[in-house]
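Shown next, in C-alpha cells, is the structure this report addresses.
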Amino acid sequence: HPEVPDRLSRVYEGIKQAGLLPKLVLINASRADMKWIEMVHDRDYIQRFEAACSSGVNMFDSPDNQMCSATYETALLAVGGILDVARQVMDGTLDNAFCAVRPPGHHAEANKAMGFCYFNNVAIAATYLQKQHDIERIMIIDWDVHHGNGTQNAFYDDPTVFYFSIHQEHHYPGTGRVDQEGKGEGCGFTKN
C-alpha cells in the first residue's frame, strides 16, 4: 500500500543524510481540538470515522482508505501537529515550517474519506489561522501529483482562500480541471 509509515521515515532519513537535521526543530504532535476539525468536517462524518476505527474494520468509505484501530487517533495527531506548528509560527517561536505528517489530507471531503485522507489537514489549518489568528487571506499551494479535491471544495466559494494546484491532469481523483476557478464570491480564487 502506498500510504505506509515508511513514507515518513524516508523523508526523515533524507533530511538526516542531507545534514539538515541539526538545523531543524522537531515538533511532537498533540491531539487536535475537535472544534477545529468540526469547522471543516461534518460531525456525523467524524463520528462515523471514529466508530469505524473502534469496530476494527480495515477500510473506510473506499478501498483506498485502509486503516487500523489507531487510524482515528493518528489522524487527530496529524491535524494537531499542523495546528501546533501553525501556532508556533504565529507566535514567533518558529520562522517557518514543513509538516511531514500522515495520514495526508487534501482528498478528504467534509463528509467523506478519499485517497488515504481522513481529515483535511491543510483546510483545517487554514480555518484555524483565520479564526484563531485573524488571518484575512490565505494561499494554499498544493504540489501533489494528484488534485486536492477536498481542499478545493472546502474553499470553492470563499474569496479569502486562494487554492492553487499544480497536479497532473487526469490522475486520481479526476478533478481539478483548468476551468474550475471557484464559484460565487470565490470565483477566481481557485487555479488549477
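What follows draws every value from the coordinates through simple rules; no lab data is involved. All of these numbers come straight from a predicted model, not from anything done at the bench. Every residue, glycine as well, gets a Cβ built from its backbone with ideal geometry; the counts of neighbours run over all protein chains shown.
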Within the set of other residues whose C-beta is less than 15 Å from the C-beta of S9, count the net charge using Lys and Arg as +1 and Asp and Glu as -1.
-> +1
May I ask you to evaluate 6.51 cos²θ - 1.76 cosθ + 1.60, the Karplus curve with θ = phi - 60°, for each residue of region 130-137 and list the ³J(HN,Hα) values in order in whole Hz, giving x for glycine and proline?
-> 5, 7, 8, 10, 6, 6, 7, 9
Phi angles of region 41-46, converted by Karplus (6.51 cos²θ - 1.76 cosθ + 1.60, θ = phi - 60°) into ³J(HN,Hα) in whole Hz with x for Gly and Pro, give 10, 5, 4, 4, 4, 4
Per-bin percent of Cα-Cα distances, region 32-98 [5 Å] | 3, 16, 21, 20, 16, 9, 8, 5, 1
List every residue whose amide H lies under 5 Å from the amide H of F162, counting only residues 5 or more places away in sequence or on a different chain, with H placed 1.01 Å from N in the peptide plane.
-> I138, M139, I140
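If we sort 138-146, 90-98, 119-127 on the protection proxy, mean other Cβ atoms within 10 Å, highest first, what's the order?
Numbers: 138-146: 14.4, 90-98: 10.3, 119-127: 25.2.
The most tightly packed comes first, giving 119-127, 138-146, 90-98.
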Cut-off under 5 Å, modelled amide H: who pairs with K112 long-range | none
Based on Cβ point charges of +1 for Lys and Arg and -1 for Asp and Glu, what charge dipole magnitude is obtained for the chain about its Cα centre, in debye rounded to the nearest 20?
-> 400 debye
For region 30-158, shape from the Cα gyration tensor axes a ≥ b ≥ c, cut at a/c of 1.5 then a/b versus b/c, turns out prolate
Hey, what do the phi angles of region 171-180 turn into as Karplus ³J(HN,Hα) couplings, whole Hz, using 6.51/-1.76/1.60 and θ = phi - 60°, x for Gly and Pro?
-> 8, 3, x, x, 10, x, 5, 4, 7, 7
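By average Cβ neighbour count within 10 Å, what is the ranking of 30-36, 107-113, 178-184 from highest down?
107-113, 30-36, 178-184
Among DSSP beta bridges whose residues both lie in the chain, state the antiparallel percentage, nearest 5. List each step's numbers first, then the result.
On the way: 4 of 11 bridges.
Within the chain, antiparallel bridges account for around 35 percent of the total.
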The set of residues whose placed amide H lies less than 5 Å from the amide H of G105, leaving out same-chain residues fewer than 5 positions away, is N121
Of the options W36, G150, A97, report the single residue whose Cα projects farthest towards the positive end of the charge dipole of region 1-157 (beta-carbon charges: Lys, Arg +1; Asp, Glu -1).
-> A97
So which lysines pass the test for K112, namely a Cα distance under 27 Å, with those fewer than 8 places away in the same chain ruled out?
-> K35, K131, K183, K191
How much length, in nm to one decimal, is gained on full extension between R48 and Y12, taken as 0.36 nm per residue of separation minus their Cα-Cα distance?
-> 9.7 nm
Place the peptides 38-50, 77-89 in order of packing, highest mean first, counting for every residue the other Cβ atoms within 10 Å and averaging per peptide.
-> 77-89, 38-50
May I ask you to derive the FRET efficiency for E38 and M90 from their Cβ-Cβ distance with R0 = 25 Å, giving the value to the nearest 0.05?
-> 0.75
Dividing the helical contributions, -39500 (n - 2.57) per DSSP H run of n ≥ 4, by the residues of the chain yields a 222 nm value, nearest 500 deg cm²/dmol, of -11000 deg cm²/dmol
